[in-house]
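Shown next, in structure tokens, is the structure this report addresses.
The values are calculated or read from the model by the stated rules, or taken from the named source; none is laboratory data. Computed from a prediction, not measured in an experiment: that's the story for all the values here. In this analysis, Cβ positions are derived from the backbone assuming ideal geometry, glycine residues included, and neighbour counts consider all displayed protein chains.
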Amino acid sequence: MAGHDGKVPRRDVLRTLTALSLTPFVPIPSEGQIRPSVHFSCREDNDLFRVARSSGIACSRHDDAEQAVARAPRGSGVLILAEDYPHSTTRLGPQVYHHAAQKGLRLYVEFPSFVPNLSVGEPRHVAYGKNHNVLDRAVVASEAFAPALQRLRILSLHNCIYVPLKSQSPELVLARVAGFDTAVYGLPHEGVHPVLFQHPNHRILVATTKLSEFVKGRYAPSEAWRYVWRWVFDWLFPNQQFALLQWTPAVHPTRGKNQSLAEGAELNAFRRGVAWFSRAKLFVAPSWREVIYQPPSAHAQLPDPLPSWPLGNGSDGILEGFSSTIEWNGTQPVGWDLRTDCACEVSMVMAFSGGIEKKPENTKIAVNLNDFIYFNSMFASGPRGDPSSPSFGLLGWSLPNALDIYYGDDNARCMLGTLAAGGVLQSDRWDEKVLRCMLANLRTAGALGFRHNYLTQSELQKFGWRHFYDEKFVNYHPHYQAYLWACFLRAYEKTHYALFLERARTAIRMTMAAYPNHWRWTNGLQQERARMLLPLAWLIRLEDTPEHRAWLQRVAHDLISFQDKSGAIREEIGLASEGEFGPPKSNEQYGTSEAPLLQQNGDPVSDLLYTTNFAFLGLHEAFAATHDPFYLRAGNRLAQFLCRVQIQSEKQPELAGGWFRAFDYERWDYWASASDWGWGPWSIETGWTLSWICGVLAMRDQKTSLWELTGRTSLGRHLHHLVSLMFG
């Protein structure tokens, strides 16, 4: 992975700089000098002005640039910040620059309408890809910030608007580049736009966008921007010494990496996670449910659920979560899709909440969510509710536009979530529907127990279910297969229908024989290991043999060998030949498909959407099945990590209590490669992430397991009728 100069870019040394002492943001005058005041043209709530003032610097704020220039001492520096961003540029006339030049001032100017001797274009948005993912990233283009920020270091200016300006030697640029910390393929030859540069003929430092709203705008990673601002102030005041204190990011982890956790931290994290669903207004209410069924192109124009909107009670489902796109003002749009898996997984958490927190209204939400999926929506009706249809019993994937797609792993998590909710509530209300779904997936899995990653309504109508039932199909891909096998094992224990055990056991044995070099991986190999833990643990429940224990131990050991001392599990990319969505192989590939959070093995990132959440469940079930303390210790470390990195925010309360997909455990910040076009680093998923993290926290509190909860069912009494109906 060579840079533009043919050399492999080294990772910067920024991580070691956390040990350096950062002095307060205060000028150090020489003996006998009066401490000078730094002059700002900005509003009082500007992030940079507030941080500077709170850091102890003497600040003079002015409402317009002319006043700031007029009052600044000769030879000093003035910061003219963009206060109408992004709606209008900073209005500056030639007289401001002329007056500044007469006084020998250095100017820092943001988002300007006019710069002497340069042509300023009309404001533009960063480039977008499919699903509105942002393609352009901020990249260090010089050695100005070294050694803290080396050339080609990547930063984020979320969804920014900039004015096009040309510069031969910019310090920061916007460009579409691949990489985790570093632009591994260098800067592209085209599409590079200056963000920060020195005027070639005047003492003017130009920012083509608003850099000073770095707190509210959630510029990332937070630590990197400290060094950018240190350099800016060094440039403005070359005879002074400035440094910025650390500021608290607008959205940040609940606890620091080495901070102790209070007693009851796990239960508190569970409660905060449960509260997040309602605070974020994700339960759909009848008065605004029609918004969901508008075309996807209209969703980008929709407002997010407002505080004034009523909150639903689960009867109309729950939204998928939050998009990874961070707007210029730090907000994030919701994902307007309704998904079966998310609803059923959340039902488990709300059922737990009803009992643990003594909240009957949450118990009612749990019931309503499952009723919505199985009885009152299109997810289980139409051809899915017609016994003569080959898709009978399956659950549609997503509304409004992906109802006729049937993912086996999503169906599996629907069933697991619903059975867990039923177990908590001691209800068999949905047992018949769940067994019907299990048999529907069983009869569309092949003779060896493997199912296609997904099937479509048109495929099933064309070929019929028996085509897939008889097929000798092989797919060593636990992401898509493993949780269905877990469901089959659970169903066998309750029904003694031999086909469930035979096909699951055959597929598991073949998959373990192919481990690891022939395993397919989706966004990384670690997520495949994490998914595999659940069926391996449950196979021991049915057949506790040395071989089955060895399988579980081998996969778990390989997974946990990447666990950091913080508890985080580092991602790993498998053999390129087996990967479905690998890292981008060029700058042009960045942002064009699903992708891992890392660019290369060794990047210190943990994935809470695809790996950590399922590892948490798998380790919990492994300990419950074997009582081996190895699994308990790893699970305990993971629980502590999750309690620490749960989102905290006063400025964005709709995010507080959730967990983002990505976490850089060395930097202790929400950071990763943002190449995934659908579920990027800052996405939050109601089902996959929140539900299984909160669900396992609740199981740990209640000293129970998913096996025990899903065993409180009466699936067996529906078997004869459904087998006769579906298998003939």
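Does F242 meet the test of being crowded, with 19+ Cβ neighbours inside 10 Å and over 21 Å from Q648 (Cβ atoms)? Give the derivation first.
On the way: crowded, with 19+ Cβ neighbours inside 10 Å: yes; over 21 Å from Q648 (Cβ atoms): yes.
Criteria met by F242.
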When (1) within 30 Å of F180 (Cβ to Cβ); (2) part of a helix (DSSP H, G or I); (3) modelled with pLDDT under 95 are applied to L48, the one that fails is (3)
F392 vs. criteria aromatic (F, W, Y) and buried (at least 23 other Cβ atoms within 10 Å of the Cβ): no
Looking only at region 300-312, decide whether some residue is within 19 Å of S398 (Cβ to Cβ), assigned by TED's automatic domain parsing to the domain that holds Q646 and at pLDDT 95 or above. yes
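Kindly indicate the residue of region 222-251 that is in a loop (DSSP other than H, G, I, E, B) and of a type in the set (G, A, S) and also farthest from D181 (Cα to Cα) among those meeting that condition. Even if it seems obvious, please write down each step before you answer.
Within region 222-251, the subset in a loop (DSSP other than H, G, I, E, B) is 237-251.
Now narrow it down to the ones that are of a type in the set (G, A, S): 243, 250.
Details: A243: 23, A250: 22 Å.
Of everything passing the filter in region 222-251, A243 is farthest from D181 (Cα to Cα).
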Would you be able to say whether some residue in region 515-529 is surrounded by 21 or more Cβ atoms within 10 Å (Cβ to Cβ), of a type in the set (A, V, I, L, M) and under 24 Å from L419 (Cα atoms)? no
Test: P147 is in the same structural domain as I80 (by TED's automatic domain parsing), surrounded by fewer than 22 Cβ atoms within 10 Å (Cβ to Cβ) and under 22 Å from V232 (Cβ atoms): yes
Residues that are surrounded by fewer than 19 Cβ atoms within 10 Å (Cβ to Cβ), among the acidic types (D, E) and assigned to a loop (DSSP other than H, G, I, E, B): does region 163-185 have at least one? no
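Rundown of residues vs (1) of a type in the set (S, T, N, Q); (2) at pLDDT 95 or above; (3) touching an Asp or Glu at 6+ places or on another chain (Cβ under 9 Å); (4) closer than 23 Å to T611 by Cα, yes/no style:
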{"position": "A662", "(1), (2), (3), (4)": "no, yes, yes, yes"}
{"position": "C694", "(1), (2), (3), (4)": "no, yes, no, yes"}
{"position": "R700", "(1), (2), (3), (4)": "no, yes, yes, yes"}
{"position": "G711", "(1), (2), (3), (4)": "no, yes, yes, no"}
{"position": "L719", "(1), (2), (3), (4)": "no, yes, no, no"}
{"position": "F727", "(1), (2), (3), (4)": "no, yes, no, no"}
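For region 666-728, which fully contained helices (runs of 4 or more DSSP H) count at least 3 residues that are free of Cβ contacts under 8 Å to residues at least 24 places away in the same chain and polar (S, T, N, Q)? I'd like the intermediate steps shown before the answer.
Details: elements: 692-702, 706-710, 719-727.
Output list is empty.
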For region 517-525, indicate whether the set of residues that are part of a helix (DSSP H, G or I) and either in contact with a helix residue (DSSP H, G or I) (Cβ under 9 Å, 6 or more places away or on another chain) or not assigned by TED's automatic domain parsing to the domain that holds S388 (or both) is non-empty. yes
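What do you reckon, is E654 assigned by TED's automatic domain parsing to the domain that holds S398, surrounded by fewer than 23 Cβ atoms within 10 Å (Cβ to Cβ) and not polar (S, T, N, Q)?
Numbers: assigned by TED's automatic domain parsing to the domain that holds S398: yes; surrounded by fewer than 23 Cβ atoms within 10 Å (Cβ to Cβ): yes; not polar (S, T, N, Q): yes.
So E654 passes the test.
Yes or no: region 276-283 includes at least one residue that is part of a loop (DSSP other than H, G, I, E, B), surrounded by fewer than 19 Cβ atoms within 10 Å (Cβ to Cβ) and polar (S, T, N, Q). Step through it out loud before you land on a result.
Just the residues of region 276-283 that are part of a loop (DSSP other than H, G, I, E, B), to begin with: 280-282.
Of the ones still in play, those that are also surrounded by fewer than 19 Cβ atoms within 10 Å (Cβ to Cβ) are none.
Looking for residues that are part of a loop (DSSP other than H, G, I, E, B), surrounded by fewer than 19 Cβ atoms within 10 Å (Cβ to Cβ) and polar (S, T, N, Q), one finds none in region 276-283, hence no.
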Taking the condition at pLDDT 95 or above and closer than 28 Å to Y128 by Cβ, does S577 pass? no
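Are any residues in region 448-480 in contact with a Phe, Trp or Tyr (Cβ under 6 Å, 6 or more places away or on another chain) and under 15 Å from R509 (Cβ atoms), and if so, which ones?
F450, V474, N475, Y476
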Just checking, does region 406-429 include any residue being in contact (Cβ under 8 Å) with a residue 24 or more places away in the chain, in contact with an Asp or Glu (Cβ under 6 Å, 6 or more places away or on another chain) and assigned to a loop (DSSP other than H, G, I, E, B)? no
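Quick one: is G330 buried (at least 24 other Cβ atoms within 10 Å of the Cβ) and part of a loop (DSSP other than H, G, I, E, B)?
Details: buried (at least 24 other Cβ atoms within 10 Å of the Cβ): no; part of a loop (DSSP other than H, G, I, E, B): yes.
Answer is no for this residue.
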Search result, residues across region 46-91 that are within 34 Å of the chain's Cα centre (by Cα) and surrounded by fewer than 13 Cβ atoms within 10 Å (Cβ to Cβ): D84, H87, S88
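Give region 606-630 a look and list any residue that's closer than 30 Å to A595 by Cβ and either assigned to a helix (DSSP H, G or I) or not assigned by TED's automatic domain parsing to the domain that holds Y670 (or both), or say none. Walk me through it before giving the result.
So in region 606-630, the residues closer than 30 Å to A595 by Cβ come out as 606-622.
Within region 606-630, T612, N613, F614, A615, F616, L617, G618, L619, H620, E621, A622 meet the criteria.
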Exactly one of L597, L559 is modelled with pLDDT of 95 or more, under 24 Å from L533 (Cα atoms) and not in a loop (DSSP other than H, G, I, E, B), and that one is L559
So N475 fits all but one of (1) within 18 Å of H720 (Cα to Cα); (2) in a loop (DSSP other than H, G, I, E, B); (3) of a type outside the set (F, W, Y); what number is the exception? (1)
